[in-house]
Amino acid sequence: IGLRPLLDEWIAGRFWADVFTDVFFACALMSGLHAVSGQPRQLRLALLLATAIVILGLLHYTLQIQVLDRLQLGLSAIFLMQMLFMIWNHIEKENDVTIELVMAAACTYILIGMVWAYAYYFLESFHPDSFKAAENPGDDLWNFYYYSFVTLTTMGYGDILAITRSARALSILEAITGQLYLAIMISRLVGLHASQSGIGKGK
């Protein structure tokens, strides 16, 4: 998320920035597969999605067909949602506060922002002019990453605006999701840590 804008500045052609981004995302796919390796059913679905995403990415670069790019993005969103679901389940099952659990909670927060970015992107794709910005936000998913995390953290800079009711509804839902997640997750981690440390048990 932070590297891609820099690649656009450093690399003259957007094509190579896209290639580097997709290679990096492919590495993220592989790490996601490792995360579900202990669950065969989830691993099979993740392998299928990852393979399809890589193949569609290669076809998009060779054939330059827009529908392949949209399909790849759709499958990427599904893959991210699967990872979000798996990590959330892991957090729910853990009873000890470890660095792994804290990192899982942080990853979940980031994945929430990324999944909502895809939702905004596809809303703009199917209903153009749902958002208003200095440049057309529908041209680039990365604009919606920015908008999503600004909304998730309730920063609200106002440089990208939700115009239609659907866009505003999604923005409201994401803002609520972000605040509830932080409140609930922090409460859970503090409660687990207190239990783990023996606070409230006379220790």
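The values are calculated or read from the model by the stated rules, or taken from the named source; none is laboratory data. Since the structure is predicted, the reported quantities are computational estimates derived from the model, not experimental observations. Cβ atoms come from the backbone with ideal geometry, glycine included; neighbour counts cover every protein chain shown. Heavy atoms of the whole protein, side chains included, go into the accessibility calculation; ligands, DNA and RNA do not. Shrake-Rupley method; radii C 1.70, N 1.55, O 1.52, S 1.80 Å.
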So what are the radius of gyration and Dmax for the Cα set of segment 1-111, in Å? 15.9, 50
According to the Kirkwood expression over distinct Cα-Cα pairs, how big is the hydrodynamic radius of the chain, in Å? 18.7 Å
Loop only by DSSP, 15 or fewer other Cβ within 10 Å of the Cβ. Give me the chymotrypsin sites (Phe, Trp or Tyr not before Pro) in segment 80-169 that pass, ordered by residue number. Tyr157
Heavy-atom accessible surface of segment 30-154: percent carbon and sulfur, 1.4 Å: 66 percent
Hey, what's the chain come to in accessible area per residue, 1.4 Å probe, Å²? 59 Å²
Given Cβ point charges of +1 (Lys, Arg) and -1 (Asp, Glu) and nothing else, what value in debye, to the nearest 20, does the dipole of the chain about its Cα centre take? 780 debye
Just from its helices, what would the mean residue ellipticity at 222 nm be for the chain, if runs of 4 or more DSSP H residues each count -39500 (n - 2.57) and the sum is divided by every residue, rounded to the nearest 500 deg cm²/dmol? -26500 deg cm²/dmol
Given H placed 1.01 Å from N in the peptide plane, which residues other than close sequence neighbours of Phe131 have an amide H under 5 Å from its amide H? Ile163
Taking N as the number of residues in segment 110-203, what is its Cα Rg relative to 2.2 N^0.38 Å? 1.42
